[in-house]
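Structure first, commentary second.
Taken together, the values in this text are just the output of simple stated rules run on the coordinates, not laboratory data. Being a predicted model, the structure only gives us computed values, none of them experimental. Virtual Cβ from ideal backbone geometry, glycine too; neighbours counted across all protein chains shown.
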Amino acid sequence: MGGVLATTAALTAALAWAAPAQAQSIAAERLSEDRVDVAEVQRASPAGKTYDAVTIIAAPVAELCAIVQDYGAYPAFMPNTAGTTIVSSEDGHAVIDMTLSLPLGKSKRYRLQLDAKRGGDNCQLSWKLVARADLAPADTIADTSGYWMFTPLPANHGKSVVEYYVYADPGPVPFGLGWIVDIMSKKSLPDTLEALRGRARKP
């Protein structure tokens, strides 16, 4: 029992590293190598939705961090990502134009600022929306922000605790297309983490 408590305490301490202020504590029972756990996070803002997805992936932090910073490769493995254009990239900071492909021929285009941060054995990649005056409201989204957090599993640094925290507000949604809200957040989260798991397994 003492060993379990010690491992849980170490895991809690590791997950607390550099987490943004809005992040929620991750309960150890949410973590598994076999599934992705998704929880809705309540926010004061009525617009959009926020979700927190966690899992354990059998790959070291450095490998996973490199995968999510390979922005040009996103269309090859990230769900619903039709295209990426790197506007600028240097010293862990990047600006990326994204094209999101949705069912029924719908698509959304938007620009993200991404900032990578390392601390000890941990890695965090956060993002926020950058406004684009050249996009009509119907062609883009109102807002998004969030982060990837990679932390070594205390008992085995060859495996990583992965947290994917995302807030998304698609903006005005035409009647009958309310599913766009879910596909941009809740429904896509397990697929996104499983896509990362699959990418890490490739030789």
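Each residue of region 120-136 was assigned a 3J(HN,Hα) from its phi angle through the Karplus expression (A = 6.51, B = -1.76, C = 1.60, θ = phi - 60°), giving x, 8, 9, 9, 9, 10, 10, 9, 8, 6, 10, 5, 10, 5, 7, 10, 6 Hz with x at Gly and Pro.
Each label point was placed 7 Å from the Cα along the Cα-to-Cβ direction; for Ser88 and Asp191 their separation is 3.3 nm. Summarising the amide proton neighbourhood of Thr140: residues at separation of 5 or more, or on other chains, whose placed amide H is nearer than 5 Å comprise Arg109.
Dividing the alpha-carbon radius of gyration of region 83-175 by the rule-of-thumb value 2.2 N^0.38 Å gives 1.29. With a point put 7 Å past each Cα toward its Cβ, work out how far Ala62 is from Ala142 in nm, to one decimal. About 4.3 nm, to one decimal. Residues Lys108, Lys202, arranged from fewest to most other Cβ atoms within 10 angstrom of their Cβ, appear as Lys202, Lys108.
The distance between label points at Asn156 and Lys117 comes to 2.9 nm (points 7 Å beyond Cα on the Cα→Cβ vector).
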